[in-house]
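This report concerns only the one structure given below.
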Amino acid sequence: MANLVPGGNAPVACGQLRVDINYTPIPGVDIDVSAFVLNASGKVRGDGDMCFYGQSSVLGGALQMTEAVAGRAVFTVDLSRLETAVEKVALSATIHENKASFERVSHLSVAVSGGIEAQLPTAGMKETALILGEFYRRQGEWKFRCVAQGFNGGLEP
């Protein structure tokens, strides 16, 4: 089992993986969890590269959101089915309309099938959007990195 801290990474199998994101909900505040397919410049190519509650399957099902309820989101990603132009799949969480910050989320974790877990520290976080983690290609192999980097003002920054 790999227990990652922010900045830590671990190799993953090139095939279908399950990603469980668990968090403590904030009463009266929605937290939106999404996944973004990114090219070499770190950008989405278009709307078809964004997987979230309103578009739960992208790239012909290679990336899917299979569950989204308060306190939990689940994705499946089949890394073997991603085009070579895809360099990363970033997982994010955003507090809807910036109604609170992540310091109010007492528990936030990401688990990837195959034995990777990451507990993201939220104490003192003033950010309203976070990059939780990312799958990325390095020398033709896939890895997962715990990012835990935040932004104020939502996903746009």
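The values are calculated or read from the model by the stated rules, or taken from the named source; none is laboratory data. Here the structure is a predicted model, which means the values were calculated and not measured. In this analysis, Cβ positions are derived from the backbone assuming ideal geometry, glycine residues included, and neighbour counts consider all displayed protein chains. All accessible areas refer to the heavy atoms of the entire protein, side chains included, with ligands and DNA or RNA removed. Shrake-Rupley method; radii C 1.70, N 1.55, O 1.52, S 1.80 Å.
Summary of values
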{"read-out": "Sequence-separation-based contact order of the chain, relative, with Cα cut under 8 Å and 6+ spacing, percent", "value": "31"}
{"read-out": "Residue 3-residue 149 pseudo-label distance in nm [points 7 Å out on the Cα-to-Cβ vector]", "value": "2.6"}
{"read-out": "In sequence order, calculated HN-Hα J values of segment 72-87 (Karplus, 6.51, -1.76, 1.60; Hz; x Gly/Pro)", "value": "7, 9, 10, 10, 10, 9, 9, 4, 6, 9, 7, 4, 5, 6, 7, 9"}
{"read-out": "Whole-Hz ³J(HN,Hα) from phi, Karplus 6.51 cos²θ - 1.76 cosθ + 1.60, for segment 53-59, glycine and proline x", "value": "4, x, 8, 7, 9, 9, 6"}
{"read-out": "Cross-link partners of residue 143 among aspartates and glutamates (Cα-Cα below 14 Å; sequence separation of 8 or more within a chain)", "value": "78, 87, 117, 134"}
{"read-out": "Straight-distance crosslink candidates among lysines, where the alpha carbon sits under 16 Å from residue 43 and sequence neighbours closer than 8 are dropped", "value": "88"}
{"read-out": "The chain, Cα convex hull volume normalised per residue, Å³", "value": "103"}
{"read-out": "Note, ³J(HN,Hα) from phi for segment 41-52, Karplus 6.51, -1.76, 1.60, rounded to Hz, x at Gly and Pro", "value": "8, x, 10, 6, 7, x, 4, x, 9, 10, 10, 7"}
{"read-out": "Segment 1-76-segment 88-149 distance, computed between alpha-carbon centres (Å)", "value": "9"}
{"read-out": "Surface share of carbon and sulfur [accessible, 1.4 angstrom probe, percent] for the chain", "value": "48"}
